[in-house]
1. DSSP loop (so not H, G, I, E, B), at most 16 other Cβ within 10 Å: list which trypsin sites (Lys or Arg not before Pro) in region 19-113 pass both filters.
2. Using the Karplus curve 6.51 cos²θ - 1.76 cosθ + 1.60 with θ = phi - 60°, work out ³J(HN,Hα) for each residue of region 114-128 in order, rounded to whole Hz, and write x for Gly and Pro.
3. Given a 1.4 angstrom probe, what's the average accessible area per residue across region 64-142, in square angstrom?
4. On the protein heavy atoms, probe 1.4 angstrom, tell me the percent of accessible surface of region 31-146 carried by carbon and sulfur.
Amino acid sequence: MLLSRYMHLHKSKGRREGSILDRSAYILLSRIRTQGPMSIGQLGEAFGLDASTLNRQTASAMRAGLVERIPDPEGGMARKFRITGEGENRLDEERAYIVTSLKNIMTDWPEEDIAAFADYLQRFNAGIERLYGMPWPRTQMADRPA
């Protein structure tokens, strides 16, 4: 409850104070970075969102220069969205901001407590993914710095 309250009190137009991306853009860019170019249909399946919501989100991301629309690299009919260099940079900056915030929160935590907390979060997320049948791909994320 405190986490959601804190996040709510520090939001302005969907952004945390000091944030450079809103939540939906962060999630969209993270998924496209992890899986590669995705169509509206693939994004809808991944997030459980309708096409109109994703059209708004991707249009906003395109206006901001975070994604670009490309022909399907595999030759399919649907056009796909690919993260741009600007999108990569802003996603990296936002992730660094989040990691720094977490480090500030846990500054006096022993390493074993941080490891246990990370394990519990991973198990919690896996449980949600299992329940809803919508796993988050992690193959490339493991190669990225924390």
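1. Details: sites: 23, 31, 33, 56, 63, 69, 79, 80, 82, 90, 95, 103; in loops: 79.
Within region 19-113, the qualifying trypsin sites (Lys or Arg not before Pro) (loop, at most 16 other Cβ atoms within 10 Å) are 79.
2. 5, 5, 5, 4, 4, 5, 5, 5, 4, 5, 4, 4, 4, x, 5
3. Values: 5770 Å² over 79 residues.
Counting only protein heavy atoms, the per-residue value for region 64-142 is 73 Å².
4. Working: 4240 of 7770 Å².
Carbon and sulfur atoms account for 55 percent of the accessible area of region 31-146.
The values are calculated or read from the model by the stated rules, or taken from the named source; none is laboratory data. Just so it is clear, the structure is predicted and the values come from calculations on it, not from any experiment. Note that each Cβ is placed from the backbone with ideal geometry, even for glycine, and that neighbours are counted across all protein chains shown. The accessibility values were calculated without ligands, DNA or RNA, using every heavy atom of the protein model including side chains. Shrake-Rupley method; radii C 1.70, N 1.55, O 1.52, S 1.80 Å.
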